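Each reported figure results from applying straightforward, stated rules to the coordinates on display, with no laboratory input. Quick caveat, the model's predicted, so the values are computed rather than measured. Cβ placement follows ideal geometry from the backbone for every residue including glycine, while neighbour counts extend to all protein chains displayed.
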Amino acid sequence: MDKDFAKEIESRKSLIGAIGTQMEKVRADFIEGIRPFVQEWLQAIARQYVERSPQRALQLGKERLTLLKARVHQLCEEAGAVSREVFSKEAFWPESRELVTQNQLGIRVVFGKLGSILQEFGFVKTKAQTEEDLESWDQYDCSGDRREFDGTPVYPHSVELPGAMKILLEEYQILIRKKSNLREEIKRLEFEALQAQATRLWDDI
């Protein structure tokens, strides 16, 4: 009995579609899951910069520090919306080995929103003035060309994700591999279908 290549290919395409739905759910779970983590970190980072630069903090005085704290609090309230905005971009969900690296960059872009506030109050710079200026919150360039900045501040240090978020990324990587394997199977089946068609033609001559 001849193999029904069309049916098998369609079956695998259907599985790819189902995996795509699962991947969207993992993304949504990740974005929702990082909200409390982002809120906690934003508050901690802001406090760290006040602690590192006590002279600057005291120069600002209570009124300006109160305003800074209110701005940080407002950003924390918007953490969910900011995370959705950043992680809605495909660049932070590559279906490749770069997933973890790009996801980490996405988190640092989310935290980078704090950089603009801290810069306004004189605690950080969002662009390096010299090559030695390592503490600046370098701007992210979506094109990959570091010479042309798009104005997005990026938190300058690596970030350790909570265990639950790491598990979600691992799930996403597994789904990527399954999707890739199915695509390879489709290519193989398409080639086998052409082989069968060619040999039938040959045998009929």
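Per 0.36 nm of contour for each residue apart, how much would the distance between R97 and E170 grow if the chain were fully extended, relative to their Cα-Cα spacing?
In short, 25.1 nm is gained.
To make sure I understand, if each residue's beta carbon is the centre and we count other beta carbons within 10 Å, what order do W202, W137 fall in, fewest to most?
Least crowded to most crowded, the residues run W202, W137.
For helix 99-120, report the angle its Cα long axis makes with the longest principal axis of the Cα atoms of the chain; keep it between 0 and 90° and round to the nearest 10°.
20
Kirkwood hydrodynamic radius for segment 37-105: how many Å is it when counted over pairs of different Cα atoms?
14.1
Based only on Cα atoms, what Rg/Rh ratio does segment 5-197 have, Rh being taken as Kirkwood's radius?
For segment 5-197, the value is 1.14.
Calculate, in nm to one decimal, what Q197 and E185 gain on full extension: separation in residues at 0.36 nm each, minus their alpha carbon distance.
2.5 nm
For helix 54-77, what angle does its Cα long axis make with the longest principal axis of the chain, in degrees from 0 to 90 and rounded to 10?
The angle comes out at about 40 degrees.
Can you give me the convex hull volume of the Cα atoms of segment 4-69, divided per residue and expressed in Å³?
So the per-residue hull volume is 100 Å³.
Starting from the amide H of V124, placed 1.01 Å from N in the peptide plane, find each other amide H under 5 Å away whose residue is 5 or more places distant or on another chain.
For V124, whose amide H was placed from the backbone, the distant partners under 5 Å are Q119.
Could you work out how far helix 5-52 tilts from the main Cα principal axis of the chain, as a 0 to 90 degree angle to the nearest 10?
The angle comes out at about 10 degrees.
Read phi for every residue in segment 166-178 and hand back ³J(HN,Hα) as whole Hz from Karplus 6.51 cos²θ - 1.76 cosθ + 1.60, θ = phi - 60°, with x for Gly and Pro.
Per-residue couplings from phi come out as 5, 4, 5, 5, 5, 4, 5, 5, 4, 5, 4, 5, 4 Hz.
Can you sort D29, D203 by how many other beta carbons sit within 10 Å, fewest first?
Least to most surrounded, the residues fall as D203, D29.
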